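In what follows, a single structure is set out as structure tokens and then discussed.
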Amino acid sequence: MINYSTDPRIILTLDTGGTNMVFGAMQRGEFIVEPLTLPAHADNLDLCLQNMVEGFRTIIDQLDERPAAISFAFPGPADYPNGIIGGQLLNFPAFREGVALGPYLKKKFSMPVYINNDGDLYAYGEALGGMLPEINEMLDESGSRKRYRNLLGFTLGTGLGIGMVINGELNRGDNSCIEMFSIPLKGRPDVIAEEGISIRAVKRMYGELSGNPDHGLSPKDIFEIAEGVKEGDMEAAKGAFAQLGAALGDVIAMTVSIIDGLVVIGGGLSGAYKYIKDSMFESIRGKMKRLNGEEINKLASKVYDLDDKEELRQFLKGEQRQLKIYNSEIEVTYDPQKRIGVALSKIGANKAVSLGAYAFALHQLSR
């Protein structure tokens, strides 16, 4: 197994968002140059590719040695193993007809190029150097035998990203198409969830709640209104993020019921997590009904807020019991509590995506 924290090879990284592209270079699991941010120009292929080449060249010029590969994230479904971007790209219209991006960059820079879904790499980075090892270390220190190997990562930004790690391995899917398009928005089964969990959603919901649909404000402006440091409708601002949280909680409950693992949340909009989390947890912990009217929990597992000190303590403790083996006086330790934890990213989406891209490239180069 590769120890990415000691590997001397340099990998160029890129976190490609619908608004901006963040370029970097990693060695031994850390950035070795200051990350560079350039506009994505998601609706203009020529400008997007120009900035992509410029970004990588700028980073290369700052390095003392030649990098071993380019490895980066892209939003949406694509033929990632072959480096072909195209298809139903809601936030990157310039690529919908199909672009051989990997082969193009390989020709430009004469080095291996690896592209993966941004949500996938985010989850992979959190599983390698973020939430997953942090929680398992805490469990170990607390004396618990429980360990987690599955992780769901959600990124909140221009769109809603998702990635999953199962049994410690990145799950890319058979078609590189693990997406949120088919998950409905809470209360709107005919609308995709991203319409309620994205930058455009926050803008729209603030406009609806404030009665000013043409407000022209950014999510950062709306957050500052909620904080009381910018003039505006404070209740509408808080309400917009709360609605996003309710929709997000519904999506988390649907997906974690299938994957059964930890959940980590990152991305630009997660900066407003304080206004998102209450409605999110209320939704995750919500009830459903059988046809006979009986209420049941959405999830079979108990859900903990791992950013809350008391809930984290309870999560780590579990329900340790001693259980006698049948017809014997021998006891075994048993923890009957099924539980999952949800937390805000501590390393940040950009670092997690870059770490995931870095480790993926090292793995591929060493095969």
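The values are calculated or read from the model by the stated rules, or taken from the named source; none is laboratory data. As the structure is a computational prediction, the values presented were derived from the model and not from experiment. For neighbour counting, all protein chains shown are included, and Cβ atoms are generated from backbone atoms with ideal geometry for every residue, glycine included.
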Breaking point among (1) among the aliphatic types (A, V, I, L, M); (2) outside any loop (DSSP other than H, G, I, E, B); (3) more than 16 Å from the chain's Cα centre (by Cα); (4) not assigned by TED's automatic domain parsing to the domain that holds A253, for A73: (3)
Pair list, Cβ under 7 Å, 6 or more apart: the range 347-361 residue touching a residue at least 60 places away in the same chain (Cβ under 8 Å) and farther than 11 Å from A73 by Cβ, other residue in a helix (DSSP H, G or I) and hydroxyl-bearing (S, T, Y): A359/Y124
When residues of the range 313-367 are limited to those that are assigned to a helix (DSSP H, G or I) and charged (D, E, K, R), the one nearest to Y114 (Cα to Cα): K351
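To keep it simple, each residue is scored yes or no on (1) under 22 Å from the mean Cα position of the chain (by Cα); (2) surrounded by fewer than 22 Cβ atoms within 10 Å (Cβ to Cβ).
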residue: L90; (1), (2): yes, yes
residue: A94; (1), (2): no, yes
residue: A100; (1), (2): no, yes
residue: K107; (1), (2): no, yes
residue: P112; (1), (2): no, yes
residue: Y122; (1), (2): yes, no
residue: G143; (1), (2): no, yes
residue: K146; (1), (2): no, yes
residue: L156; (1), (2): yes, no
Candidates N212, N175, filtered to the one that is in contact with a strand residue (DSSP E or B) (Cβ under 9 Å, 6 or more places away or on another chain), of a type in the set (S, T, N, Q), assigned to a loop (DSSP other than H, G, I, E, B) and surrounded by fewer than 17 Cβ atoms within 10 Å (Cβ to Cβ): N175
Scope the range 158-169; condition surrounded by 21 or more Cβ atoms within 10 Å (Cβ to Cβ) and either in contact with a strand residue (DSSP E or B) (Cβ under 7 Å, 6 or more places away or on another chain) or not polar (S, T, N, Q) (or both); matching residues: G159, L160, G161, I162, G163, M164, V165
Where a residue in the range 311-330 is closer than 12 Å to G341 by Cβ and touching a residue at least 40 places away in the same chain (Cβ under 8 Å) and its partner, wherever it lies, is of a type in the set (A, V, I, L, M, F, W, C) and in a helix (DSSP H, G or I), with Cβ under 7 Å and at least six apart: L316/M138; L316/L139
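Does the range 283-293 contain at least one residue that is in contact (Cβ under 8 Å) with a residue 60 or more places away in the chain, β-branched (V, I, T) and either surrounded by fewer than 17 Cβ atoms within 10 Å (Cβ to Cβ) or not in a strand (DSSP E or B) (or both)?
So far as the range 283-293 goes, no, none of its residues is in contact (Cβ under 8 Å) with a residue 60 or more places away in the chain, β-branched (V, I, T) and either surrounded by fewer than 17 Cβ atoms within 10 Å (Cβ to Cβ) or not in a strand (DSSP E or B) (or both).
Take the conditions assigned to a strand (DSSP E or B) and either free of Cβ contacts under 8 Å to residues at least 40 places away in the same chain or more than 19 Å from N175 (Cβ to Cβ) (or both) and apply them to F56. Does it pass?
So F56 fails the test.
Residue-wise test of (1) in a helix (DSSP H, G or I); (2) of a type in the set (A, V, I, L, M); (3) modelled with pLDDT of 95 or more.
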site: E97; (1), (2), (3): no, no, no
site: L105; (1), (2), (3): yes, yes, yes
site: K108; (1), (2), (3): yes, no, yes
site: G119; (1), (2), (3): yes, no, no
site: A127; (1), (2), (3): yes, yes, yes
site: E137; (1), (2), (3): yes, no, yes
site: G143; (1), (2), (3): no, no, no
site: K146; (1), (2), (3): no, no, no
Search result, residues across the range 255-282 that are out of contact with any helix residue (DSSP H, G or I) (no Cβ under 9 Å at 6 or more places or on another chain) and assigned to a helix (DSSP H, G or I): T255, S257, I258, I259
Residue list for the range 295-318, filter: out of contact with any Lys or Arg (no Cβ under 9 Å at 6 or more places or on another chain) and at pLDDT below 95: K317
Answer residue from the range 178-201, given it is farther than 30 Å from G129 by Cα and touching a residue at least 60 places away in the same chain (Cβ under 8 Å) and is surrounded by the most Cβ atoms within 10 Å (Cβ to Cβ) among those: K186
Which numbered condition Y114 misses (of (1) touching a residue at least 24 places away in the same chain (Cβ under 8 Å); (2) on the phi > 0 side of the Ramachandran plot): (2)
Conditions (1) part of a loop (DSSP other than H, G, I, E, B); (2) closer than 17 Å to N117 by Cα; (3) free of Cβ contacts under 8 Å to residues at least 40 places away in the same chain; number of the one not met by F23: (1)
